1. Please specify each residue of segment 222-239 satisfying the condition of being surrounded by fewer than 14 Cβ atoms within 10 Å (Cβ to Cβ) and touching a strand residue (DSSP E or B) at 6+ places or on another chain (Cβ under 7 Å).
2. Looking at the structure I just gave you, is Pro202 under 26 Å from Gly247 (Cα atoms), touching a residue at least 40 places away in the same chain (Cβ under 8 Å) and open to solvent by 40 Å² or more (accessible area, probe 1.4 Å)?
3. What number of residues within segment 6-37 satisfy the criterion of being outside any loop (DSSP other than H, G, I, E, B), open to solvent by less than 30 Å² (accessible area, probe 1.4 Å) and not aliphatic (A, V, I, L, M)?
4. Limited to segment 228-243, what total is found for residues that are of a type in the set (Gly, Ala, Ser) and more than 15 Å from Thr73 (Cα to Cα)?
5. For the condition touching a residue at least 12 places away in the same chain (Cβ under 8 Å) and touching a Pro at 6+ places or on another chain (Cβ under 7 Å), what is the one hit in Arg20, Arg68?
6. Kindly check whether there is at least one residue in segment 132-146 that is free of Cβ contacts under 8 Å to residues at least 24 places away in the same chain, open to solvent by 50 Å² or more (accessible area, probe 1.4 Å) and in a loop (DSSP other than H, G, I, E, B).
7. Conditions first: (1) closer than 22 Å to Thr73 by Cα; (2) part of a strand (DSSP E or B); (3) open to solvent by 80 Å² or more (accessible area, probe 1.4 Å). Phe186 passes all but one, so which condition is the exception?
8. Where the second residue is basic (Lys, Arg) and the first is exposed (fewer than 11 other Cβ atoms within 10 Å of the Cβ) and lies in segment 117-128, which pairs have Cβ atoms under 9 Å and are six or more apart or on separate chains?
Amino acid sequence: PMMTDNTSSLTVWMQDGGDRLESITDLQMLNGGNPAALVNAAGEIEIIQFRDVAANTDGSYTLTGFLRGRRGTETFTGGHAVGETFVLLDTVTVDRVALAVAERNVTRYWKAVPDGRLREETPGVALAAKLRPLMPYAPCQVEATRDGSNNIVLTWERQDRLGYDLADEFDEQPLSEDAELYSVDFYSGSTIVRTVNGITSPTTTYTAANQTTDGLSLSATTVKAAVYQISGQVGRGFGKAATITIGA
């Protein structure tokens, strides 16, 4: 997600909006051009941008040259499958609905009524709003080291869901949450064996005693963990379990 993807390709069939698919320059893409959403069967959304469009003889379009994991969605860059929903994100197809925080995870029925149709003729879709714009972005650059007592020290860098211009390369990203707060899950295989809450700085220690209690080997060269930043309004933000090599 931190570089231009010039390897992948995406073929889409457009129910509407194919005439709005067009190639742009790298600069236009970097300035926000051609944003789209890929929505999988679980409702997880990766926001992408694409640069090149090729029309195919069967009516489909092949897109190449991507910026991936935009708007904090880098945790959803893997596992895409045939049949996902592709939505071109422009003012023609997208509108914003303001919801109160209390509406999070409350199921409502929504209708998108096309021109020329009545509201009564349009089927409703049941959706529970996740309020993802309020979810903190996943921490990045997660690293692990083992000290002389076999404790694993985990460190990371936080991201921020609001954009800022940094004055110089040494500035720290301002904090847009109520407080700096994290939560970490430690895994054995695919099973969470320990959760650490209430972390107030970008580091935590997984003690040798806790590793032994959780059934992990003190000679392991990797550790699997997921780090989350916490919002005072919606709780855990984005996070993704990853296997981290333990350094010296």
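1. Listed by number, the list holds a single entry, Thr222.
2. So Pro202 fits the description; yes.
3. Going through segment 6-37, the residues outside any loop (DSSP other than H, G, I, E, B) turn out to be 6-12, 18-20, 26-30, 35-37.
Cutting the leftovers down to open to solvent by less than 30 Å² (accessible area, probe 1.4 Å) gives us 12, 18, 29, 36-37.
Within this subset, residues satisfying the condition of being not aliphatic (A, V, I, L, M) are 18.
Within segment 6-37, residues that are outside any loop (DSSP other than H, G, I, E, B), open to solvent by less than 30 Å² (accessible area, probe 1.4 Å) and not aliphatic (A, V, I, L, M) number 1.
4. Of the residues in that region, 4 qualify.
5. After applying the criteria, what remains is Arg68.
6. No, segment 132-146 has no match at all.
7. (3)
8. Taking only residues 6 or more apart or on different chains, the pairs are Arg119/Lys111; Pro123/Lys111; Val125/Lys111; Ala126/Arg108.
The values are calculated or read from the model by the stated rules, or taken from the named source; none is laboratory data. Source: prediction; values computed, not measured. As a convention, Cβ positions derive from the backbone with ideal geometry for all residues, glycine included, and neighbour counts pool all protein chains shown. Heads up: the accessible areas ignore ligands, DNA and RNA and are worked out on the full protein's heavy atoms, side chains in. Shrake-Rupley method; radii C 1.70, N 1.55, O 1.52, S 1.80 Å.
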